[in-house]
Amino acid sequence: MGGFGISSFRGRLLLGLLIPVLVIQALSIAHEMLEHKEVYQQALQEESNLVLRFAGEALARPMWDYDSDQIQSILKGIVSEGRTAQVGIFDSGDRQIYLEQAPTYSPAEGYLQASKDILYQVGDQQMPLGRLEISLPASSITEPLRAAMQHHLMVSGFMLCLIGCVAYLVLSRLVQPMTALTRALVDIRHDRFEGEIPGLERRDEFGLMAQALNQLRQNKIEVAELRAQSDESTRREHKRIMRALQSTRDGVLLADETGKVVLCNPNGEAFFGDTRAGQQLNLYSWLPLDQAEQIESNIQHQESFAFEASPPQAANGQVLNLLVRGGPIRDEQGLYLGTMLLASDHSDQARQAERVRFLAEHDSLTGLPNRRLMEQTLAKWLQDEGDQVSILLADLDHFKLINDTLGHPAGDALLQVVAQKFEACASTQVLAARLGGDEFAILVKGASSLERLTHIAKRLVTEMALPQQVNGQVLHTGMSAGIATLSGVQADPSEGMRRADLALYEAKRAGRGTVEVFHADLETEIKRKTLLERELRLALEEGDIRPVFQVQTDLASGDIIGFESLARWHHRQLGSISPAEFIPIAEDSGLIRELTHQITIRAFSTAAKWYDLGFRGRVAVNLSPKLFGANVDEFVNDCLFETNCPASAVEAEITETVVLASGQSALREIQALQELGITVALDDFGMGYSSLSYLQKFPVDKIKVDAAFVSKLPESAETRAIVSAIAELGHALGMKVTGEGAETEDHRRELQACGVDYLQGYFDGPPLAERAATQRLFPAEDQHLKLPG
């Protein structure tokens with residue numbers, strides 16, 4: 001900027017000064033030259049007029065005299081003087097009569113011509129003699145003019161140089177602070193703030209410019225500092241954002257409007273098929289074809305989208321569970337800038353959810369599907385596929401006894417062994433499940449499902465009948481199973497379960513360890529069971545169920561030693577209903593406690609009356625296994641208190657089922673009954689699965705041999721040996737023995753021969769109502785009432 005280039009301010013200013021001066025000088029020179037030319041031409045004209053006047057006067061006489069020599073001599077004299085190039089005389093007819101030329105005369109060159117008439121004075125008259133014409137050379141004025149011009153040019157050039165030097169010096173002086181300010185401005189422009197602004201001390205216009213520039217510099221410094229702070233803040237913010245993107249568990253991908261990936265964090269690279277920044281977005285590398293095409297269409301139409309994907313993770317091949325959301329990116333004006341994809345890895349949550357779902361649908365102990373999954377599978381097979389489905393329900397025999405005697409760990413281990421047997425049956429068309437407790441189920445679908453399931457059930461029942469090795473112990477158990485079949489989408493799964501449950505109930509009722517297939521008769525039975533349950537509730541409300549009393553006699557003396565109270569129900573429409581039919585219904589429907597309460601209250605009331613009349617025998621009541629485990633001793637004691645009956649007048653009969661089902665808790669309740677003064681009799685002994693060792697664990701007061709043994713005594717020596725052994729064992733343990741179901745003299749005789757103490761059965765007559773039993777006890781005043789010793 002300090003040079004003297006034409007583009008510099010100083011050069012342009014200098015040219016701006018010199019050009020007007022040069023123009024003025026040129027105009028001045030031109031004007032002076034014109035003035036000089038005019039003066040020289042006027043002088044030449046005056047000279048030509050003077051020559052013409054003197055020459056005319058000199059030639060007038062010789063022309064008048066026709067003195068040619070004199071004329072010629074005058075003409076030569078004029079030419080010889082050098083001021084005139086040509087002299088000619090023309091007559092009145094304008095004919096040239098004399099001519100004299102200088103040797104240098106050339107007609108092509110420029111000459112100034114002038115003419116004058118030659119007059120001769122004759123008296124008062126002037127006589128025209130001709131016309132004198134001269135030619136003066138123009139060089140006589142051009143040479144002075146040229147010399148004058150050169151002089152003027154030299155003077156003008158000198159003045160122009162002088163003015164230019166002066167102007168240059170002045171401009172240099174003026175431009176120096178401007179150049180310094182310009183350099184300072186350039187430094188400010190390039191954010192160079194070293195040094196001070198020059199000229200701040202001046203008080204002229206440059207000082208004002210320097211002050212303005214200094215203020216601009218200060219403002220620029222402040223702006224630069226703010227920008228630096230903003231840039232640092234922006235850089236830090238950008239760094240934080242990038243760090244967050246790098247460390248987030250989500251996958252983030254940004255692609256521009258052309259589909260080129262501009263950002264993809266590490267998890268994004270893992271989630272989106274190893275996609276990296278700089279590559280084209282390729283959905284097909286990690287999505288199925290149809291899904292990739294759909295998402296590609298969403299991106300092309302600039303639409304938002306969300307979907308789930310399960311791409312394999314390249315590092316370990318593990319299948320991911322991703323929730324991917326995406327959509328267009330737009331600026332403030334809504335201009336489309338590209339697409340963003342955000343993927344969240346829900347694999348852990350999915351695995352946890354799968355684990356939770358597995359736990360919700362599977363048994364924690366055995367790992368088999370539970371009731372919920374089994375019912376869902378049954379409904380799906382029926383509704384979605386319309387297949388024929390056969391259902392097996394099974395439970396273990398005497399499982400509670402194993403739990404109570406050997407502990408729950410042994411029971412759990414047995415369940416796991418059973419579960420393994422069931423699981424071995426499972427396949428794509430077979431589902432094995434544990435429903436809870438010792439209940440298991442199997443579903444089989446297909447046209448031959450019933451045959452296949454029946455075969456499976458029989459195999460399982462056979463296997464479970466064998467001794468089971470469990471944790472080093474040999475356990476004896478068994479299994480009963482019921483099967484039902486459904487088919488078609490209209491089938492009700494709950495109805496199938498109900499039918500299988502009915503078949504299972506029938507299998508248990510038939511003696512356990514069997515497989516029962518649902519049939520129409522069972523449906524009839526369940527309808528009757530439903531009817532009887534409804535009518536049983538009404539009968540209990542109205543008190544229609546009453547006790548009857550069957551005599552128990554001493555085989556040795558024949559004396560009455562007690563009665564067993566038996567429930568009897570006579571329905572107005574259905575007639576007499578057997579206790580063997582309605583008591584299990586009461587047990588299953590939860591009515592057994594109320595039924596037992598009504599029969600016990602009436603039986604105890606009768607026993608109290610007889611006791612007051614002097615009878616010292618006992619009236620027995622049957623206690624269902626369903627009552628044990630709920631403080632049955634308190635229940636019986638309340639009945640005694642309510643009827644004011646002495647405990648010595650009653651007896652409680654229990655079955656082996658109580659021993660097997662309730663275990664140690666039954667022992668405590670039996671002992672509590674005995675502490676009240678009530679004797680306890682073990683009914684139907686020998687027909688269950690109990691061991692004789694239970695007699696030692698549960699010290700009852702009396703054993704009642706089941707009627708099935710008594711009926712075979714006359715013809716079976718084996719049966720006689722069994723009954724004799726039972727009697728001997730009972731006596732050895734301090735227990736009395738009663739034979740049930742004795743109907744003939746042979747029965748009475750064989751029982752007595754086997755050492756049985758008491759007899760009960762139709763041999764002594766049918767069960768009697770209270771009044772008839774009272775008459776049997778107290779027949780007539782002359783008869784002696786015999787009491788047991």
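The values are calculated or read from the model by the stated rules, or taken from the named source; none is laboratory data. It should be emphasised that the depicted structure is a prediction, and the values quoted were computed from it without experimental measurement. Positions of Cβ are backbone-derived with ideal geometry, glycine not excepted, and every protein chain shown enters the neighbour counts. Only protein heavy atoms, including side chains, enter the accessible area calculation; ligands, DNA and RNA are left aside. Shrake-Rupley method; radii C 1.70, N 1.55, O 1.52, S 1.80 Å.
Side notes on the structure shown:
- Near pairs, Cβ below 9 angstrom, 6+ apart or cross-chain, from segment 462-473 (within 12 Å of Val417 (Cβ to Cβ) and touching a residue at least 60 places away in the same chain (Cβ under 8 Å)) to any residue that is part of a strand (DSSP E or B) and open to solvent by less than 70 Å² (accessible area, probe 1.4 Å): Met464/Ala394; Met464/Leu396; Met464/Asp397; Met464/Gly478; Met464/Met479
- The condition of being basic (Lys, Arg) and touching a residue at least 24 places away in the same chain (Cβ under 8 Å) does not hold for Arg330.
- Filter result (surrounded by fewer than 15 Cβ atoms within 10 Å (Cβ to Cβ) and either part of a loop (DSSP other than H, G, I, E, B) or within 60 Å of the chain's Cα centre (by Cα) (or both)) within segment 745-777: Gly765, Pro766, Ala769
- Residue check: Ala309 meets all listed conditions (1) buried (at least 18 other Cβ atoms within 10 Å of the Cβ); (2) more than 28 Å from the chain's Cα centre (by Cα); (3) hydrophobic (A, V, I, L, M, F, W, C) but one, namely (2).
- Residues of segment 528-556 classified as hydrophobic (A, V, I, L, M, F, W, C) and in a loop (DSSP other than H, G, I, E, B), total: 2
- Taken as a whole, segment 349-357 holds no residue that is open to solvent by 80 Å² or more (accessible area, probe 1.4 Å) and assigned to a loop (DSSP other than H, G, I, E, B).
- Qualifying residue in segment 265-278 (condition: farther than 23 Å from Arg243 by Cβ and at pLDDT 85 or above): no
- Across segment 154-173, the qualifying residues are those that are loosely packed, with under 15 Cβ neighbours inside 10 Å and in contact (Cβ under 8 Å) with a residue 40 or more places away in the chain, and the one among them that is nearest to Tyr98 (Cα to Cα) is Met159.
- Per-region count, segment 382-423, residues under 24 Å from Glu516 (Cα atoms), modelled with pLDDT of 90 or more, in contact with a strand residue (DSSP E or B) (Cβ under 9 Å, 6 or more places away or on another chain) and not charged (D, E, K, R): 13
- Residue match in segment 76-86 (condition: modelled with pLDDT under 80, out of contact with any Ser or Thr (no Cβ under 7 Å at 6 or more places or on another chain) and over 19 Å from Val51 (Cα atoms)): no
- Hits in segment 441-477 - residues which are touching a His at 6+ places or on another chain (Cβ under 7 Å) and surrounded by fewer than 18 Cβ atoms within 10 Å (Cβ to Cβ): Pro467
- Filtered residues of segment 510-527 (kept if touching a residue at least 12 places away in the same chain (Cβ under 8 Å) and in a helix (DSSP H, G or I)): Leu522, Glu523, Glu525, Ile526
- Extreme residue, surrounded by the fewest Cβ atoms within 10 Å (Cβ to Cβ), among residues of segment 487-509 that are aliphatic (A, V, I, L, M) and assigned to a loop (DSSP other than H, G, I, E, B): Val489
- Residue under evaluation Val636, criteria (1) part of a helix (DSSP H, G or I); (2) in contact with a helix residue (DSSP H, G or I) (Cβ under 8 Å, 6 or more places away or on another chain); (3) open to solvent by 20 Å² or more (accessible area, probe 1.4 Å), criterion not met: (3)
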